[in-house]
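To start, the structure itself, in structure tokens.
Since every read-out is calculated from the coordinates, none of them should be taken as a lab result. Here the structure is a predicted model, which is why all the values come from computation and not from measurement. Cβ coordinates were reconstructed from backbone atoms using ideal geometry, including for glycine residues, and neighbour counts include every protein chain displayed.
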Amino acid sequence: MFRNILEKGRRLAGLGSLVAALTVAAPAMAQDKEPIVFGGSIPLSGVFAFAGIHIHAGLTDYTNWINSQGGINGHPVKYVMEDTAYEVDRSVAAFKKISGSSSPATYYGDSTGFMKSIASELNSQGNTLMSGASFATVLTDNETYPYQFIPGPNYSQMFGIILEYIASQGEGGDMPNVAFVYSDTEFGKDPIENGKARAAELGIEVVEEIVTKPGSVDVSAEVLKLRRVRPDYVVFHGYVLSPINEFMVQMRQMGLDTQFMGTFWSSDKLIIDKMGEDADGYMGVMPYNYYDSEESGPMLDALRAQAEESDPEAGYRPTGYMQGWFNAMVWTEVVKRTLDAGKELTGDNMAEALASIEDWDTGGIIGIPVTVRDMSFPVGRIWRVNAAEGRYEPVSDWIHLD
Amino acid sequence: MRIGDAKQSYEADEAIWTSQTQKMWLGLFLLILLVFPFVVNSYLLYLGCLVGIAVISTTGLNILTGFTGLISLGQAGFMGVGAYTVAWLSINTGLPFPVTLVLAGLMAAAVGILVGLPSLRVKGLYLAIATLAASVFLHFIFAEWESVTGGMGGLSLKPASLFGLTFQSDFMMYFIIVPLAVLMVLAARNVFRTRIGRAFIAIRDRDISAEILGINLLRYKLMSFALSSFYAGVAGGLFAYFYRVVTPESFPLSMSIFYLAAVIVGGMGNLLGGILGAAFMTLVPEALKLLTAALTPFYPNAPVFMSPMLEIIFGALIVGFLIFEPHGLAEIWHRIRRFFRLWPFRN
Amino acid sequence: MDWLFFGEISLAGLAMGGLYALIALGFVIIYKATRVINFAIGEIMMFAAYLFLAFAGGMELSPWIALPMAVIGGSILGGVIEKTMIRTMLGESPISVVMVTIGIASILVGLVEFIWTADPQLLPNFLPREPVFIGELYLAPKIAYGFLIGSALLIIYLLYFRFSRGGVALRATASDQAAAYSMGINVRRVFNMAWVFGSLAASLAGVLVAATGGLSPQFGIIGLSVLVVVIVGGLDSILGALIAGVFIGWLETVAGAYLGGEYRMPATFLVLAVILVIRPYGLFGTHEIERV
């Protein structure tokens, strides 16, 4: 218990001065121009805190970094956030508070529920561009959500990437089959219909679909079902940890040689840390390079240097950190493009600037140049856990969907 | 003992507003409610709307739990019924919002009667668990009846509109929510001046005695369920217009517990208590956030350790009020009032 | 119909049901002695499981030392709750007492998040991992051994309450507090002991359930399933808790396997609703007669 407290303390020490901040001010050098505000409803507590803490660190570190580079076209950047405990009404309250006091150009939303609830307000205000923790497929609908984008592939596109990988493993007429295991939540059910359609296109048979409650449940009966159909691949979605571990351990105990795969939020190092040896061979789809991957690039190096500087003790930075950083990077690019075109920072102008992103070099955060399609970055790569090394290693090339 | 308070007729004794001073304070309060949206920022306006919705729902639950003594863990479910009714009607029929809100209330009331049916056979905690079962079924229906509820993704609706006015901003919504809240609290106050309301209270105090006195238990218990769910349904309908998204996850069990807590903290069986409780419980998290912000300069990780505090404080409020102040905030309020009324005679 | 599959599913369900029976037993002991419906039982289980995590994972004790320590920790928690909060509510309406337990549940969730953060956790492995076969039927090892450990405690409890002085005192208190008191039974002590023993059963089950399903501050939801068990069985019936526990565990698993995970809760709550209508006091509960 005490070790946990200590560990928590140490982890926080890094955020320390940053969290401090409901605001992080810019250095003096760039203060002559009006600051550009990044707002955020950040889940520092509650069920999503494990990611929220790192998202916050990523956004904070990026803000400090961009300010040390002279801000955006000379404008300093200011990051203003509030904790939401991952509850929609509190996220909305945070948004109203921040948009009322600081008029943010861009904003980080912490959940799909929040992103949907705030849409009409966002659309009528029309001066903020929003992205966040959600990769929900619906948000790619530009009619309803013109000012919201997804900082990676949406969940359906993630399934598309996973299925394409699976298809590439089939030889000739011998296509592997697959089972979907997902939680009984909006999050869990998001990509299933599209996933099934895509699988049919690729000629992959979906042999079983299993719905479970999220979190702590006994899944023995579900494992028995999978034992009957013996899928070559099981794709998890809508979980963070449990019950992925239990499926993997029990199915291996039964002697099945099934491969296990998961989407973004199920592909953090948490899986390795908590499962240890059992995590070996688990695969995830990830649009960003892992912090400890062997890849490099100017931006990735800058990220590592900044992370090192803000908290030398922290070591590895989770995917939430990369996600937060990448969000802020896209915002910067969008704001920059808008300002360069001599336009005002309105929702329409920024959405237009975002849509104009083509073959954009992310400096190593994403391994290939990316193009925005329907307000998302449909790119990703399959990574596999090497438990002995304690990290994910790439097993596919970068896959860019059209 | 108040001076000049002798009642000379039944009308005077039954009147809601008994003195000039009371009317004056009420007038002042209504005036503040009216001015409020014009002077505050969008954040406070949002909180004002939230409190308004919570007041309606808490008042409804107070009728059932506080006045009739029937504990319900289904309040969130009933709100969900109202919210889905509004969402479905506004998407598929385009009826104006006053109609959809009333229909939302009636729909919830119908479901409430259905849920209340076992109340003749079971009571007390068994009934609470029956309402819990109801909320499980309702969640299941919200999630699975995709053709009507949109499944897990839920429904998105357009803002409320009437006579060409669109109630999109919180500012406009405030003028639906708050007058409705005032109206519904007043209506509730009037119910308790009628035979129906007195029957509720008799059932709460001792249902068997009430039955011997000639109160038809099933009828009045169902009436209480219907009335309470009607309030929940209207609150849910407002919720739908306010957020314009309704999903099964919008109405979790914790929301039912939140409203029960609001009734308890405010004061069971006291309408003023319901109002105070709703406002208090809605604002506690925000107040805590202010405290967090004040602490962060000294304890950088305050946000992370303050958030679990919210759960702890929420629980401690429930436990603390039940043990130390079972009549809730309303009692504290009365004590303050008594102090001023009796000053300087009593000390 | 695949009978082998049905057999395996049923076996998994029955094993889970055994754990439900153990938790329900803890619930019934508390109810019998103090007439309190304990909505915090899921959170007491959760707290014990986190204690186990701290002892076995954090302090790296052997699981077989950590397990009894966590279980004892959970039962002390139960005793403290009774002494500080439930005792003061004596004589208040059942609604108020239930709300106090709901408040306690919220406090426990906050405490757990405060100490261990809200991150999802896995307990260290401490049960054998070789698959268990009963005849042709496969059973996941964690559930099998969890069931064995749980049943062992269950049998000890049953024997204890049947034959020991403490067990007789509990039953005497349950049937008539005043009479029990006048016969020299320390009723207040019985109240406290009931909470301690009830929480002890729940704590052991908590560690065993968390070992199979993982642990997070939302773990307490399992309390809802237990609520169904005790209502169906009858709040004051130990036999009812055992039979209903096994039955509900089985039903939940079978419904989940054949209809899908979203049907687990509705299926058991449907049984609950039917029972409430046809036998409001549960299958084996005592029908209380009210007098004015």
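Per-structure values
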| read-out | value |
| --- | --- |
| Between 0 and 90°, nearest 10: helix A:88-102 axis offset from chain A longest Cα axis | 20 degrees |
| For segment B:1-118, alpha-carbon Rg and Dmax in angstrom | 19.4, 59 |
| Shielding of A:45-51 by partner chains, average beta-carbon count, 10 Å | 6 |
| Cβ-derived FRET efficiency at R0 56 Å, C:L90 paired with A:E193, nearest 0.05 | 0.50 |
| Calculated SAXS-style log₁₀ I(q)/I(0) at q = 0.07, 0.09, 0.14 Å⁻¹ - chain B, Debye, Cα scatterers | -0.32, -0.53, -1.24 |
| Student exercise, segment C:211-292 dipole from Lys, Arg, Asp, Glu Cβ charges, in Debye to nearest 20 | 60 debye |
| Choice from A:H54, A:H237, A:H75 with maximal GNM fluctuation in chain A (Cα, 10 Å cutoff) | A:H75 |
| Selected from A:M254, A:M299, A:M275 as most flexible by GNM, with chain A as the system and alpha-carbon contacts under 10 Å | A:M254 |
| Fluctuation leader among A:G188, A:G173, A:G315 - chain A, Gaussian network, Cα springs under 10 angstrom | A:G173 |
| DSSP-loop GluC sites (Glu not before Pro) across segment A:117-175, with at most 11 other Cβ within 10 angstrom | A:E143 |
| Partner chain coverage, peptide B:139-145 - average Cβ within 10 angstrom | 3 |
| Karplus-derived HN-Hα couplings along segment C:93-99 (A = 6.51, B = -1.76, C = 1.60, θ = phi - 60°), whole Hz, x at Gly and Pro | 5, x, 4, 4, 5, 4, 5 |
| Helical contribution to [θ] at 222 nm, DSSP H n ≥ 4, -39,500 (n - 2.57), averaged over chain C, rounded to 500 | -23500 deg cm²/dmol |
| Cα-projected label distance for B:W145 with B:L272, points at 7 Å along beta-carbon direction, nm | 4.1 nm |
| In segment B:68-158, chymotrypsin sites (Phe, Trp or Tyr not before Pro) in a DSSP loop with at most 13 other beta-carbon atoms within 10 Å | B:W145 |
| Principal-axis tilt of helix A:298-310 within chain A, Cα atoms, nearest 10 degrees | 80 degrees |
| Inter-label distance, nm, simple model (7 Å from Cα along the C-beta direction), B:Q20/A:D340 | 7.4 nm |
| Evaluated over segment C:1-135, the Cα radius of gyration and Dmax, each in Å | 18.1, 56 |
| More than 37 Å apart - percent of Cα-Cα pairs taken over chain A | 19 percent |
| Selection from B:L291, A:V379, B:L106 lying farthest towards where the dipole of the protein assembly as shown points positive, charges on Cβ | B:L106 |
| Chain A: angle of helix A:244-253 to the longest principal axis, Cα-based, in degrees nearest 10 | 20 degrees |
| Given chain B, longest segment not containing exposed loop trypsin sites (Lys or Arg not before Pro) (DSSP; at most 16 other Cβ within 10 Å) | B:207-345 |
| Anisotropy class of the protein assembly as shown from Cα gyration tensor, a/c 1.5 cut | oblate |
| Viscosity 1.002 mPa s, temperature 20 °C, Stokes-Einstein D of segment B:210-254 from Kirkwood C-alpha radius, µm²/s | 168 µm²/s |
| Separation of alpha-carbon centers, segment B:233-293 and segment A:356-402, rounded to whole Å | 43 Å |
| Dipole of the protein assembly as shown, positive direction: furthest Cα of C:F133, C:M99, B:M268, with charges on the beta-carbon | B:M268 |
| Peptide-level mean, for A:151-164, of C-beta atoms on other protein chains within 10 Å | 0 |
